[in-house]
Amino acid sequence: MIYYSIDSRARDKVYFGLVLVSVALASAVPYLTNLVSMKLTAPSAMIIFYWLFPVFERHLWRWPCIHWFAGIPLIEGIWTGTLVRHDDSNTTAQPRAVSLSVTQNWRTMSVILHGTHSKSHAQVIALSITNKNDIVLRYIYLAKDNSGVNPTNLYGEGTAELTFKRESTTETLSGVYYSSKLRKGFLSLTKATAS
C-alpha cells in the first residue's frame, strides 16, 4: 500500500475533527473516573489522538455517516471487465478480460491490474475528488510479464486515468491507459465485490 494524494482539503477537516474528539475525550475522562470512584490518570488529548487515528484510518472512515464527512470515495474492491488495446499503428485488438484489485484505507491504497499475460502494480496514485460527479483515479504503474512464456509481454511502465461512476447499485471505472511499450487503450470495469 502506498500513500495517495487527493485534490481537495478534505483531509484537513478530518484531522481537525479528530483533534476535537480527542480533546473532548481527554476532558471527559476525569468526570467518568469520578462517577465510578476510581483514581486514574487521564490520558492527554495527544495520546487519545494517537490511539484514535489508526482506528479511524482503517475502519471508522468506512462507516456511512463518517464516510460522508471524510469526503473520500471508497473504491476498494475487485473490479472486472475488459481492456481494449491499440498499438502504435492505431489498430484495435480484441478485448481482453482483466481484473483490478483495489485495497484502500483513508490515506493509502494499492491498485493491481491482472491481465492474461501480465500484472501491473501502481507506484503513484491520485484521486481527483473536487467534482463529486467526476471522480477520477489516476495512477502510474509498472507492468511485468507473468506468462512464463518467452518474453511476449516485456516489462513496461505507463499511466491510467479511470473515471469512477455510481449508478443505483452499479459502480464502474472506465478510461484510458498509456504504456511505454507504445501501447494505449481503454479499460472498462465493473465492481464485482467489495474487498
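Of note:
- Pick from region 1-14, criterion surrounded by 11 or more Cβ atoms within 10 Å (Cβ to Cβ) and in a helix (DSSP H, G or I), ranking: modelled with the lowest pLDDT: ALA10
- Set side by side, the residues HIS59, HIS67 differ, and just one is in contact with a Phe, Trp or Tyr (Cβ under 7 Å, 6 or more places away or on another chain), of a type outside the set (Lys, Arg) and under 21 Å from ILE6 (Cβ atoms), which is HIS67.
- Residues that are part of a helix (DSSP H, G or I), of a type outside the set (A, V, I, L, M, F, W, C) and free of Cβ contacts under 8 Å to residues at least 12 places away in the same chain, drawn from region 49-70: TYR50, PRO54, PRO64, HIS67
- Taken over region 1-25, the criterion of being aromatic (Phe, Trp, Tyr) and either in contact with a Gly (Cβ under 8 Å, 6 or more places away or on another chain) or within 17 Å of ILE66 (Cβ to Cβ) (or both) is satisfied by TYR15, PHE16.
- The residues in region 176-185 that are assigned to a strand (DSSP E or B) and modelled with pLDDT under 80 can be counted, and the count is 1.
The values are calculated or read from the model by the stated rules, or taken from the named source; none is laboratory data. Keep in mind it's a predicted model, so treat the numbers as computed, not measured. So basically every Cβ, Gly included, is an ideal-geometry build from the backbone, and we count neighbours across all protein chains shown.
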